[in-house]
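Take a look at the structure below.
The values are calculated or read from the model by the stated rules, or taken from the named source; none is laboratory data. Because the structure is a prediction, the values reported are computed rather than measured. Counting neighbours? That spans all protein chains shown, and the Cβs are built from the backbone with ideal geometry, glycine included.
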Amino acid sequence: MWSGVKLPGLTYSEQFAMPQITYRVIPEASAKQLVQSGYPGTLAKIFAARGIAAAAQLETTFAQLLPFNDLKNAQEMACLLADAIRDRQRILVIADYDADGATACTVAVRGLRAFGAEVDFIVPNRFEYGYGLTPEIVQLAALRKPDILLTVDNGIASVDGVRTANALGMRVFVTDHHLPGDTLPEAACIVNPNQPGCTFPCKNLAGVGVMFYVLLALRAELRKRGEMPEERGRKLLELLDLVALGTVADVVKLDQNNRILVHQGLQRIRAGRGSPGINALLQVAKKSPAKVSSTDMGFTVGPRLNAAGRLDDMSLGINCLLTDDAARALQIAGELDTLNRERRSIETDMQDSALASLESINPQSGYSLVLFDPNWHQGVIGILASRLKDRFHRPVIAFAQASEGELKGSGRSIAGLHLRDALDLVSKRHPALIRKFGGHAAAAGLSIAELDFEAFVTAFEQVASELLDERDLEQRIETDGELDSDGMTLEMARLLEEQVWGQGFPAPQFCDNFEVLSQRVVGEKHLKLRLAKDGNLVEAIFFGHADPLPDRIRIVYSLGVNEYNGSQTLQLLVRHWQHPPGN
């Protein structure tokens with residue numbers, strides 16, 4: 001619950017304009033070890049600050065990929081799927097409507113078809129059926145007369161849906177990565193690294209990663225049975241760009257296993273072996289496949305794919321990824337790009353209305369932010385929650401009207417509060433308050449009765465106040481410190497662009513004081529800068545900022561490569577500025 005009045009003398013934005021800039025701790029022994037292994041000093045320090053102590057932790061070959069054997073039930077599901085292929089049983093994939101669900105669905109359909117299965121898919125329309133394998137979706141799926149329902153990126157909480165499927169004579173195979181509730185569904189087989197009793201070391205697999213591992217196990221099983229020609233087995237490699245996209249877009253932690261999957265997928269795209277759908281999505285975004293990065297996957301391709309599930313039907317996105325026809329893929333990618341522009345417009349309007357409603361409130365008086373507006377779009381509330389979370393550094397849940405008398409909420413959280421666990425605690429204390437919920441540490445979804453909104457606001461704020469302290473709510477920008485002239489080079493910028501960065505393995509950003517030699521507005525809303533530090537001159541760009549800066553500034557920035565007329569130069573990408581200490 002948020003209450004109070006705006007702090008006197010400060011505008012709403014100014015209250016949050018000065019986050020604390022902090023430096024990551026660099027274990028010197030680890031950095032030294034990496035330098036001895038051949039890494040440049042700047043890169044060694046960056047990796048050491050992210051928990052890398054030895055070069056082996058940076059290996060990205062398949063030899064380092066964790067084996068499927070430790071993933072609970074992966075081999076059992078492989079046997080069941082191999083039997084289904086042999087017996088010509090019909091498999092229907094039940095997808096989810098985000099980028100992870102879309103890529104997991106595509107990986108399942110492409111992989112199983114390559115192995116000889118009869119397989120199709122269905123994806124719930126979020127506005128009609130909600131999330132996961134609901135009884136309503138099971139009834140819709142039954143019209144296809146499948147023998148097996150295979151869930152991807154959902155299913156672990158679908159107790160009622162699985163029960164309905166069993167009653168209708170369909171077996172359910174669940175592949176998921178979300179945290180399970182107190183009761184598991186009575187499925188024929190469940191593969192989820194986060195289910196009880198699973199010893200698989202990588203608990204951070206995305207839904208698409210779980211499905212890929214099931215296919216690895218299936219390939220091994222079919223080889224054991226003598227039913228897997230080598231050329232068909234190699235088709236799994238063709239799915240790695242999809243695995244990379246879903247893994248990055250779902251913002252799961254990029255531990256070493258996930259970095260291997262993402263790296264291998266990016267390498268395929270860069271080498272010109274990406275799927276037509278991903279290449280088309282890159283083309284409409286004006287990105288070169290040869291230079292694609294994990295950032296492009298998360299901030300360029302992922303949002304365009306997600307736009308289908310947010311505003312329309314994710315079948316559109318899945319069909320873009322499934323087609324082998326480049327012209328067809330480009331046509332669908334154009335439709336997705338249009339939807340994404342519409343989504344951005346809706347998001348801007350929603351954010352403006354949210355900020356207007358908060359104008360008279362002091363955000364520092366509460367531990368959480370819960371908002372509802374009957375005019376908000378149900379498909380965009382997750383993005384709104386994310387934007388507000390970034391702005392105010394509080395866990396945020398945004399609600400939209402789902403149906404008569406029911407609200408659907410989407411939440412995003414900060415590091416100090418595990419959102420799914422917080423909702424679980426609210427549910428245990430107030431059993432009738434939340435109708436259903438699910439998710440993980442950073443993001444979750446839920447539904448409540450509209451009449452219960454104020455009660456939920458109070459209950460969630462109470463839990464947040466117990467799980468967070470004031471230090472958790474302090475806004476910080478974590479940096480890799482100052483960058484010397486040896487590191488501030490075009491070569492280093494290229495090296496950094498080639499690495500896999502993301503959740504839990506953040507892209508490096510640095511902090512330094514500069515003299516502003518010149519500045520001008522370009523493209524009406526961006527500031528082009530010429531900066532100086534210790535006699536060295538460097539170009540910089542501050543996207544989305546057109547106001548003039550003082551002569552001396554302290555900035556948080558990352559290294560970028562600026563391409564113009566066929567040449568490449570170093571360019572700093574300014575993320576934040578403050579007055580230097582003492583000014």
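Quick grid of which residues meet (1) outside the structural domain of V243 (by TED's automatic domain parsing); (2) at pLDDT below 95; (3) assigned to a loop (DSSP other than H, G, I, E, B); (4) closer than 29 Å to A285 by Cα:
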position: D324; (1), (2), (3), (4): no, no, yes, yes
position: A333; (1), (2), (3), (4): no, no, no, yes
position: Q351; (1), (2), (3), (4): yes, yes, no, yes
position: W376; (1), (2), (3), (4): yes, no, yes, yes
position: I383; (1), (2), (3), (4): yes, yes, no, yes
position: L388; (1), (2), (3), (4): yes, yes, no, yes
position: L423; (1), (2), (3), (4): yes, no, no, no
Task: Residues of the stretch 270-284 classified as under 21 Å from Q499 (Cβ atoms) and surrounded by 20 or more Cβ atoms within 10 Å (Cβ to Cβ), total - done: 3
Task: Filter pass, G481 being within 22 Å of the chain's Cα centre (by Cα) and either assigned to a strand (DSSP E or B) or at positive phi (or both) - done: no
Open item on the list: Which residue is surrounded by the most Cβ atoms within 10 Å (Cβ to Cβ), if the candidates are limited to the stretch 26-53 and must be farther than 21 Å from G502 by Cβ and either within 28 Å of the chain's Cα centre (by Cα) or of a type in the set (G, A, S) (or both)?
Closed with: A31
Open item on the list: Return the residues of the stretch 58-97 that are part of a loop (DSSP other than H, G, I, E, B), on the phi < 0 side of the Ramachandran plot and either surrounded by fewer than 20 Cβ atoms within 10 Å (Cβ to Cβ) or not hydroxyl-bearing (S, T, Y) (or both); say none if nothing qualifies.
Closed with: E59, T60, T61, L65, L66, P67, L71, K72, D87, Q89, A95, D96
TODO: Determine, yes or no, whether T338 is hydroxyl-bearing (S, T, Y), more than 25 Å from E450 (Cα to Cα) and crowded, with 16+ Cβ neighbours inside 10 Å.
DONE: no
Open item on the list: Take the residues in the stretch 303-321 that are buried (at least 24 other Cβ atoms within 10 Å of the Cβ) and at pLDDT below 95; name whichever of them is farthest from G382 (Cα to Cα).
Closed with: M314
- [ ] Give the residue that is surrounded by the most Cβ atoms within 10 Å (Cβ to Cβ), with candidates limited to residues of the stretch 244-261 that are of a type in the set (A, V, I, L, M) and under 11 Å from Q503 (Cβ atoms).
- [x] V248
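Right, A167: assigned by TED's automatic domain parsing to the domain that holds N258, crowded, with 24+ Cβ neighbours inside 10 Å, modelled with pLDDT of 95 or more and under 30 Å from R435 (Cα atoms) or not?
no
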- [ ] Could you list all residues from the stretch 559-583 that are part of a strand (DSSP E or B), small (G, A, S) and free of Cβ contacts under 8 Å to residues at least 60 places away in the same chain?
- [x] S567
- [ ] Would you mind stating whether G504 is under 30 Å from Q256 (Cβ atoms), of a type in the set (G, A, S) and modelled with pLDDT under 95?
- [x] yes
- [ ] Give the residues of the stretch 112-133 that are closer than 26 Å to R310 by Cβ and not hydrophobic (A, V, I, L, M, F, W, C), sorted by residue number.
- [x] D120, P124, N125, R126, E128, Y129, G130, Y131, G132
Task: Number of positions in the stretch 126-146 that are surrounded by 15 or more Cβ atoms within 10 Å (Cβ to Cβ) and part of a loop (DSSP other than H, G, I, E, B) - done: 9
Task: Those residues of the stretch 32-57 which are within 13 Å of D486 (Cβ to Cβ) and in a helix (DSSP H, G or I), in sequence order - done: V35, G41, T42, L43, A44, K45
Open item on the list: Can you tell me which condition V396 does not meet? The list is (1) surrounded by fewer than 20 Cβ atoms within 10 Å (Cβ to Cβ); (2) within 23 Å of M350 (Cα to Cα); (3) under 20 Å from the mean Cα position of the chain (by Cα), and all the others hold.
Closed with: (1)
Open item on the list: Pull out all pairs, ordered by first then second residue, where Cβ-Cβ is under 7 Å, the residues are six or more apart or on different chains, the first lies in the stretch 28-49 and is in contact (Cβ under 8 Å) with a residue 12 or more places away in the chain, and the second is part of a helix (DSSP H, G or I) and β-branched (V, I, T).
Closed with: G41/V35; A44/V35
Task: helices (runs of 4 or more DSSP H) enclosed by the stretch 185-299 - at least 1 residues per element that are among the small types (G, A, S) and more than 26 Å from G382 (Cβ to Cβ) - done: 207-224, 230-233
Task: Residue that is surrounded by 20 or more Cβ atoms within 10 Å (Cβ to Cβ) and modelled with pLDDT under 95, where the choices are G487, G566, G582 - done: G487
Task: Matching option when the condition is assigned to a loop (DSSP other than H, G, I, E, B) and without any contact (Cβ under 8 Å) to a residue 12 or more places away in the chain, among G155, G181, G169 - done: G169
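One line per residue, one yes/no per condition, for (1) small (G, A, S); (2) assigned by TED's automatic domain parsing to the domain that holds R126; (3) without any contact (Cβ under 8 Å) to a residue 60 or more places away in the chain; (4) out of contact with any helix residue (DSSP H, G or I) (no Cβ under 7 Å at 6 or more places or on another chain):
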residue	(1), (2), (3), (4)
G445	yes, no, no, yes
T458	no, no, no, yes
L496	no, no, no, yes
H526	no, no, yes, yes
K533	no, no, yes, yes
- [ ] May I ask you to say which residue of L281, L266 is farther than 20 Å from L205 by Cα and of a type in the set (A, V, I, L, M, F, W, C)?
- [x] L281
